[in-house]
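The values are calculated or read from the model by the stated rules, or taken from the named source; none is laboratory data. Keep in mind that what you see is a predicted model, and the values were worked out from it rather than measured. Ligands, DNA and RNA are stripped out before the accessible areas are found, and what is left, the full protein with its side chains, is counted by its heavy atoms. Shrake-Rupley method; radii C 1.70, N 1.55, O 1.52, S 1.80 Å.
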Amino acid sequence: MKSPHHLPGTVANRELYNNKNIAKALYYGWDGKEPWSGFKSREHGIVATSLALDYYNNGNLYNDAKSFIDYLETVNLPNIVLAFSNQNLTAYKSGDIQRTESITVSGSSEYYLTLKLQNGVTLVNETKNTEKTGTVNVNGSDTFYLKAPLTINGSWTSEDIDNCKYTFQPIIYRTQNNSLQDLAGKLQVQVDPRNYY
């Protein structure tokens with residue numbers, strides 16, 4: 001996946017970059033999702049993160065980044081997985097409708113699962129106080145149930161839910177100019193296509 005991205009004075013292509021160490025440096029680096037507690041100041045954090053990225057990308061080791069790199073060698077990226085508290089739901093009559101028991105999506109509310117509902121079935125999100133049909137997103141920590149008219153019967157199995165595991169993917173900006181250094185400057189969260197419910 002490439003797209004042009006403008007940097008001061010030049011044009012660079014934006015690419016996904018498969019390097020776990022770069023991803024860890026961005027995740028635990030300055031302005032990352034979980035910055036390392038060893039940064040002494042904003043300036044130190046920016047410099048140490050930049051030098052760690054240079055180390056993992058180009059092999060240059062600088063003393064100012066050694067403690068941060070040592071830390072990165074001891075940690076892993078978090079495992080972001082969403083799951084249902086119950087995967088098999090049974091409907092019961094409730095007034096003039098049928099509904100399932102409530103179910104909770106475990107995991108961080110920053111991430112979501114996408115469900116494709118059967119015709120006539122409504123997802124009632126108790127956390128967000130919404131009702132939706134068709135293709136519906138439910139975030140981690142949401143509690144919901146499914147409801148339908150009494151005329152709908154039989155069993156239903158959902159399609160594969162392919163956004164149950166997320167990975168952290170570094171973005172690198174590459175220029176066509178050999179005298180300019182490539183920059184690994186952003187961390188993107190994306191669905192791991194090899195994992196699904």
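Taking all protein chains as they are arranged and a probe of 1.4 Å, the heavy atoms of D64 leave approximately 100 Å² accessible to solvent.
Leaving out ligands and nucleic acids, note down the accessible area per residue over the stretch 26-110 with a 1.4 angstrom probe, in whole Å². List each step's numbers first, then the result.
On the way: 5080 Å² over 85 residues.
On a per-residue basis, 60 Å².
Quick one: which of K24/K116; K20/K66; K20/K40 span more than 28 angstrom between C-alpha atoms? Violating the 28 Å Cα-Cα cut-off are K24/K116. Each distinct pair of alpha carbons in the stretch 69-109 adds a 1/r term; the inverse of their mean, the Kirkwood radius, is 13.8 Å. Measuring nothing but how far apart in sequence close Cα pairs (under 8 Å, 6+ apart) lie, relative to its length, the stretch 74-148 scores a relative contact order of 33 percent.
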